[in-house]
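Here the structure comes first, spelled out in structure tokens, and everything after it is commentary.
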Amino acid sequence: MNPRTFDTQLADLARLVKGEVLTGILHRAAYSSDASIYQIVPRCVVCPRDAQDIAAVVKYAQEKQIPVTARGAGSGVAGESLTSGIMLDVTRYMTRIISTENDGELVTCEPGVVLDELNSFLTQFGRKIGPDPATANRAVMGGCVANNSTGAHSLQFGYMGDYIEKIEAVLADGSIAELINDYQPKADSQNTVDTIAGQCISLLADKQKVIANALPATKRNRSGYNIAGAYHNGKINLARLMASSEGTLAVFTKITLHTVPLPKAKGLMQLEFDTLDKMAKAVPMIVSTGASACELMDKYLIAMAIRHMPEYRDVLPADAFATLLVEHTGSRKENTRHGFRSG
């Protein structure tokens, strides 16, 4: 690119937004990597203060045909937050918890709110966000929704997309739209959301059998867009469709989620096995009991843990080929007492 054109574009962006435009090579280098193995230096980094800033950047990028990517905590391992164009860092200013409804049953926040901080806020209502990715101490809500995050308690709480009520987002043309579920587009409407909803319905309505047949038997499915169940009875779940879109459909500016009650009691059981085959055969029975979590540690991971954290030597079974850590939750301690016998 011509240096003069580059400088002009940076000056344009600085005039368009209330937030910051970072252009120095040190800033750009700092944003050139994430938790993946990739490195791509962005043209610049914009730290927007609000939805209007993001809309202005996206509209400008579209006019100038410059790639634009939203970035959360950069905890993704596939390079999804990297770009050679304009990077939007929502973690600097867009970090407000905006409101709650029904004693915390619904919470609305900006995309830069850290998941652990949101959960800390929700404890006053005795509630939390259901899915619990391992990166919750740094992952932000925009990334959690875009990635359709889940975690160790996926057996109980599923995916982030299951809890989305509505999303305010900036679309590819720079317009700001509110995306909701169970949306039925108005006939002959020129509204952007109606147009998008109508196109989604046209694409998905007669593909339900194809989609159903393509789904794997396992509940853990991280492949492609979240189209399974998006269309139903002439309506489309536009908000939930954003989950797992990885920023390719819109840039989130406000997210409203359903929350879940904090468990009153927890029970943890460690089951030891002398073969992987016996462990695998036990899993369906464990899941059928309503376990909230079931995590595997094989002998190699156990040995590594003992080597680096010898204080757990008495807890971790060094002679087991594999162990399952099984958690149950309930409203009282009696609900968490389930008996298993390992082989």
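The values are calculated or read from the model by the stated rules, or taken from the named source; none is laboratory data. These numbers were taken from a predicted model, which means no experiment stands behind them. Glycine also receives a Cβ, built like all others from the backbone with ideal geometry; neighbour counts cover every protein chain displayed. Surface areas here come from the heavy atoms of the whole protein model, side chains and all, with no ligands, DNA or RNA. Shrake-Rupley method; radii C 1.70, N 1.55, O 1.52, S 1.80 Å.
Excluding ligands, DNA and RNA, what is the solvent-accessible area per residue of region 136-190 at a probe of 1.4 Å, expressed in Å²?
Each residue of region 136-190 exposes 43 Å² on average to a 1.4 Å probe.
Run the quick spin-label model on Lys209 and Met309: label points 7 Å from Cα toward the beta carbon, then report their separation in nm to one decimal.
Roughly 5.1 nm, to one decimal.
Residue by residue, what Karplus-based ³J(HN,Hα) values in Hz, rounded to whole numbers, does region 123-128 have, using 6.51, -1.76 and 1.60 with θ = phi - 60° and x for Gly and Pro?
So the Karplus estimates, Gly and Pro as x, are 4, 5, 9, x, 9, 7 Hz.
Over region 1-67, average the accessible area per residue using a 1.4 Å probe and give it in Å², no decimals.
Heavy-atom SASA per residue in region 1-67 reads 57 Å².
What are the ³J(HN,Hα) values, in whole Hz, obtained from phi via the Karplus relation 6.51 cos²θ - 1.76 cosθ + 1.60 with θ = phi - 60°, for each residue of region 259-267 in sequence order, with x given for Gly and Pro?
10, 10, x, 5, x, 6, 8, 10, x
Counting helices only, and only those DSSP H runs with n ≥ 4, report the 222 nm mean residue ellipticity of the chain as the sum of -39,500 (n - 2.57) divided by its residues, in deg cm²/dmol to the nearest 500.
Calculated from helices alone, the mean residue ellipticity at 222 nm is -8000 deg cm²/dmol.
What angle do you read, to the nearest 10 degrees and between 0 and 90, between the alpha-carbon axis of helix 3-16 and the longest principal axis of the chain?
With both axes taken from Cα atoms, the answer is about 80 degrees.
Using the heavy atoms of the protein chains alone and a 1.4 angstrom probe, what is the accessible area of region 230-302 per residue in square angstrom?
So region 230-302 comes to 49 Å² accessible per residue, rounded to a whole number.
Explain nothing, just the number: relative contact order of region 40-107, from Cα pairs under 8 Å at least 6 residues apart, as a whole percent.
The normalised contact order for region 40-107 reaches 42 percent.
Pairs on different chains or at least eight residues apart, Cα atoms closer than 19 Å: how many lysine pairs in region 256-337 fit?
So the count of such lysine pairs works out to 4.
Cα gyration tensor of region 115-170, axes a ≥ b ≥ c as square roots of the eigenvalues: rounded (a/c below 1.5), prolate (a/b > b/c) or oblate?
Rounded.
Give the separation of the Cα centroids, region 153-219 to region 1-76, in Å.
28
Using the Karplus curve 6.51 cos²θ - 1.76 cosθ + 1.60 with θ = phi - 60°, what ³J(HN,Hα) values do you get for each residue of region 186-194, in whole Hz, with x for Gly and Pro?
7, 5, 6, 7, 9, 4, 4, 5, 4
Suppose a student asked you for the relative contact order of the chain, using Cα pairs under 8 Å spaced at least 6 residues apart; what percent would you report?
Here the relative contact order equals 15 percent.
Amide H to amide H under 5 Å from Leu22: which residues, 5+ apart in sequence or cross-chain, H placed 1.01 Å off N in plane?
Val45, Val46, Cys47
Go through region 232-272 and name the trypsin sites (Lys or Arg not before Pro) that are in a DSSP coil and have 13 or fewer other Cβ atoms within 10 Å of their Cβ.
Lys264
Could you state the angle between the C-alpha long axis of helix 299-308 and the longest principal axis of the C-alpha atoms of the chain, as a value from 0 to 90 degrees rounded to the nearest 10?
80
Tell me, what is the FRET efficiency for Thr8 and Gln184 to the nearest 0.05, using R0 = 41 angstrom and their Cβ-Cβ distance as r?
0.35
Please tell me which of these pairs span more than 27 angstrom C-alpha to C-alpha: Lys18/Lys128; Lys18/Lys59; Lys128/Lys254; Lys166/Lys207; Lys59/Lys235?
Lys18/Lys128; Lys59/Lys235
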